[in-house]
1. With a 10 Å radius around each residue's Cβ, average the other Cβ atoms per peptide and rank 147-154, 217-224, highest first.
2. Given the chain, what percent of its DSSP beta bridges are antiparallel, to the nearest 5?
3. Run down the lysines and flag those whose C-alpha is under 26 Å from the C-alpha of residue 212, throwing out any fewer than 8 positions away in its chain.
4. Could you name the aspartates and glutamates whose alpha carbon sits less than 20 Å from that of residue 96, not counting residues in the same chain fewer than 8 places away?
5. What length, rounded to one decimal in nm, is gained on full extension from residue 319 through to residue 139, with 0.36 nm per residue of separation minus their alpha-carbon distance?
6. In percent, how large is the relative contact order of the chain, given Cα pairs closer than 8 Å and 6 or more residues apart?
7. If you average the sequence gap of Cα pairs under 8 Å that are 6 or more apart and divide by the length of segment 56-160, what percent do you get for the contact order?
8. Can you pick out the pairs among 288/321; 71/98; 21/390; 99/321; 48/99; 98/310 whose Cα atoms lie more than 21 Å from each other?
Amino acid sequence: MAIEKVDVFVTSPGRNFVVLKITTTDGVTGLGDATLNGRELAAAEYLKTIAPMLIGKNEDNIEDIWQYLYKGAYWKRGPVTMAAISAVDVALWDIKGKKLGVPVYDLLGGASRTGLLTYGHASGVDLPSLFDSIDSYLDKGFKAVRVQSALPGIPSTYGVAGSANAQTGNGEKGMRYDYEPARRTEVPVEEVWDARTYMNTLPGVFEAVRNKYGNGIALLHDCHHRLSPIQAARFGKMIEPYDLFWMEDCTPAEENQEMLRVVREHTTTPIAIGEIINSATDYLTLIKEQLLDYVRSAVTHTGGITHMKKLMDYASFYDIKSGFHGPTDVSPVGMAANLHLGLAIPNFGIQEYMRHSDETLEVFHTSYTFTDGMLHPGNKPGIGVEFDEKLAAKFPYQPAPLPVDRLLDGTVHEW
Ligand code: EZ4
Ligand code: CO
């Protein structure tokens, strides 16, 4: 009844992933995900540093091990630390579920719903290609779609398939936006950002989408940290008539959270933020002052199931809901962890879902399901994901940093 072995894998089946495997003296194994997009090796090294500290510990004591790694590090928080702690935490929940023969959501209080409303990523370089993209998601059963659009005169824009450097295909019909493996270089690709062009373009795009599809589908949008607070306030106001489910990361308020007060004062467009926030403590002010509506953290980046459950319980008292991060850089292991927590908490909002590539899914065998626009984690004991180590070894790590943004005059800007 102790942790006997800790293995760390870095594999790149379609894109890079950091996988943790914990094995107990009884031979039970658990998986965790420490993938930190563009900085994967740093998270893997952190795991290798803490691995010897885990050996001999009782795998049942998840909370104690969490506190040991968090408080014991002395250097609290930060994306690398928290990705590593998350991986250990999820692996221990996986083990506990397997030992007891129940899915992890059962250990978290059981299912609070039959499935998780899910959104997909639609995008277009123009309205016809955007409509094709939305159609392809609606055809698959999605009831909610994220809408991203290219900008006139700007060669490539975040979130838009078919603009320069984005990739196509990936086992799905139509264009697909995903930065890997299109960007496998040691030095980041650079992109251009212009807020004026964006603010002049996007409201018309949402209007066209609402005119074509009506009010029955949920529309989401990711501003990706690119507007100033007053621009975000104005943008939120401009798009109010199109009833967005949320605007995400409208201003880079992860650091200076007071920036969101300006936005809140001016608009009722719901605010989602947090995919790069890595600790529940960084949400305390945001929640208490009700400066957000949806928590965007992924279980893999914000301390695992143990920490995120506390965060979401606190958020529940303010009717703030989940919108956990679910891009392909959250591995299938991390995605399953998101789904188990999402199914259990009372304040689930929506789940982001980008299907992983076929290559990725050959290495990770998942048991979560997608039906009629809803995801479900499945009922296998633990988190329900298996990892093919032998196949993973055939896909060595490849550097793939995220892009860097510059304004038209060359100034570096948030990507
Ligand atoms: O840029 O996952 O909402 N989704 C996103 C993602 C992030 C990447 C960064 O690793 O913003 O596309
Ligand atoms: Co985002």
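What follows draws every value from the coordinates through simple rules; no lab data is involved. Everything quoted here is computed from the prediction, not taken from an experiment. Here Cβ is always computed from backbone atoms with ideal geometry, including for glycine, and neighbour counts include all displayed protein chains.
1. Listed from highest to lowest mean packing, they are 217-224, 147-154.
2. Numbers: 23 of 48 bridges.
About 50 percent, rounded to the nearest 5.
3. Here the lysines satisfying the reach criterion relative to residue 212 are 140, 143, 173, 237.
4. Straight-line reach from residue 96, under 20 Å: 4, 7, 26, 33, 59, 60, 63, 64, 106, 386.
5. My answer for the length gained is 61.6 nm.
6. Working: 937 pairs, mean separation 91.4, N = 415.
Taking the mean separation of contacting Cα pairs over the length of the chain, I get 22 percent.
7. Details: 86 pairs, mean separation 19.9, N = 105.
Averaging sequence separation for qualifying contacts and normalising by length gives 19 percent for segment 56-160.
8. Long pairs (Cα-Cα over 21 Å): 71/98; 99/321; 48/99; 98/310.
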